[in-house]
1. Show me the helices (runs of 4 or more DSSP H) found entirely inside segment 143-250 where at least 2 residues are closer than 23 Å to residue 130 by Cα and aliphatic (A, V, I, L, M).
2. Taking residue 64 and the conditions (1) in a helix (DSSP H, G or I); (2) under 28 Å from residue 220 (Cα atoms); (3) within 12 Å of the chain's Cα centre (by Cα); (4) of a type outside the set (Asp, Glu), which numbered condition does it fall short on, given that it satisfies the others?
3. Closer than 21 Å to residue 180 by Cα and charged (D, E, K, R) - does that describe any residue in segment 135-152?
4. Scan (1) among the aliphatic types (A, V, I, L, M); (2) buried (at least 22 other Cβ atoms within 10 Å of the Cβ); (3) closer than 19 Å to residue 128 by Cβ; (4) out of contact with any helix residue (DSSP H, G or I) (no Cβ under 6 Å at 6 or more places or on another chain) for the single condition residue 64 breaks and write down its number.
5. Could you identify the single residue in 79, 99 that is farther than 28 Å from residue 178 by Cβ, part of a loop (DSSP other than H, G, I, E, B) and at pLDDT 95 or above?
6. Considering only segment 220-229, I want to know if a residue exists there that is buried (at least 20 other Cβ atoms within 10 Å of the Cβ), of a type in the set (Phe, Trp, Tyr) and either without any contact (Cβ under 8 Å) to a residue 60 or more places away in the chain or closer than 26 Å to residue 59 by Cβ (or both).
7. Filter segment 11-46 for residues that are near the ligand (Cβ under 8 Å from one of its atoms) and touching a strand residue (DSSP E or B) at 6+ places or on another chain (Cβ under 8 Å); which is nearest to residue 242 (Cα to Cα)?
8. List the pairs whose first member sits in segment 99-123 and is in contact (Cβ under 8 Å) with a residue 40 or more places away in the chain, whose second member is assigned to a loop (DSSP other than H, G, I, E, B) and within 9 Å of the ligand (Cβ to nearest atom), and whose Cβ atoms are under 7 Å apart, counting only residues at least 6 apart or on separate chains?
Amino acid sequence: MQKNTLIDNDLYNTLGERWYTAFDDPVAVLRAESRVKAPWVLERIKAAFPQIPLVKHLDVGCGAGFLSNHLAQEGLQVTGLDMSEESLKVAGLHDSTGTVRYVQGDAYRLPFSNETFDVVSAMDFLEHVEDPGRAISEMSRVLKPNGLLFFHTFNRNWLAHLVIIKLVEFLVKNTPKNMHVIELFITPEELIKMCKSSQLSVQEMTGIRPRFSTLTVKSILTGIVPEKFSFKLTRSLKLSYMGVARKART
Ligand SMILES: C[S@@+](CC[C@H](N)C(=O)[O-])C[C@H]1O[C@@H](n2cnc3c(N)ncnc32)[C@H](O)[C@@H]1O
């Protein structure tokens, strides 16, 4: 179902090199979170596909390529797709392998044939579109039977509203209005249902939370995200969570 919101996805066109360098911006939180997400995803891909160089991976809403570039370094055949041409330029500049195929496009209309990819990922992406069910259905279309869909998003409840929207706005300098909107956050139950409608069965989910010990008084007072700020996995899916779903065999 499509919801009408004021989500600001244009901000990704303005970040430029700040995707990789800024500490006075919530993108620093995204970078820190990616350092936990990428190994979790890679570990599961390795377990499912022993022939890593043959794995075709599509990273939808890839932004500046935090996950795409990491997986390319590990030898996967990666395609990164995003709406934002500016972000894709930055992603390409940080692809040390020079192998990632960066494509500008819309997640609602993926420019790929049915059953092209072994793995698709949608990290910190589903809460940026107004019809995540439609995006998931497109991702399932381009996934091969038995392929994997990785996702990361935020749960929708009062605590997530407080911590992920209000606290970030309060603590991190340069947080744009409507970077996230609560209406687009997704409960795990809703995500499971959307996956099910697209022939995907969720296999595993885990929560992610900040290590509060890495926040300093200085960072709280200045609005700067400390370089050592980090995240860890948690059983609770109350706030930020990621998971993996498998497409049916036929
Ligand atoms: C929060 S960023 C996440 C980037 C990346 N996945 C990561 O985890 O670092 C969300 C990304 O989704 C992209 N995006 C939003 N709507 C899109 C759409 N309909 N199709 C493709 N990309 C979209 C934005 O341009 C932005 O780069």
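The values are calculated or read from the model by the stated rules, or taken from the named source; none is laboratory data. Just so you know, these numbers come straight off a predicted model, no measurement behind them. In this analysis, Cβ positions are derived from the backbone assuming ideal geometry, glycine residues included, and neighbour counts consider all displayed protein chains.
1. On the way: elements: 168-171, 188-197, 217-222.
Output list reads 188-197.
2. Residue 64 satisfies every listed condition except (1).
3. Quick first cut of segment 135-152, residues closer than 21 Å to residue 180 by Cα only: 135-136, 150-152.
Restricting the remaining residues to those that are charged (D, E, K, R) gives none.
No, the conditions are met nowhere in segment 135-152.
4. (4)
5. Result: 99 is the single residue among 79, 99 that is farther than 28 Å from residue 178 by Cβ, part of a loop (DSSP other than H, G, I, E, B) and at pLDDT 95 or above.
6. Yes, there is a match, as at least one residue in segment 220-229 is buried (at least 20 other Cβ atoms within 10 Å of the Cβ), of a type in the set (Phe, Trp, Tyr) and either without any contact (Cβ under 8 Å) to a residue 60 or more places away in the chain or closer than 26 Å to residue 59 by Cβ (or both).
7. Filtering first and then ranking leaves 37.
8. Qualifying pairs under 7 Å: 107/61; 107/129; 122/61.
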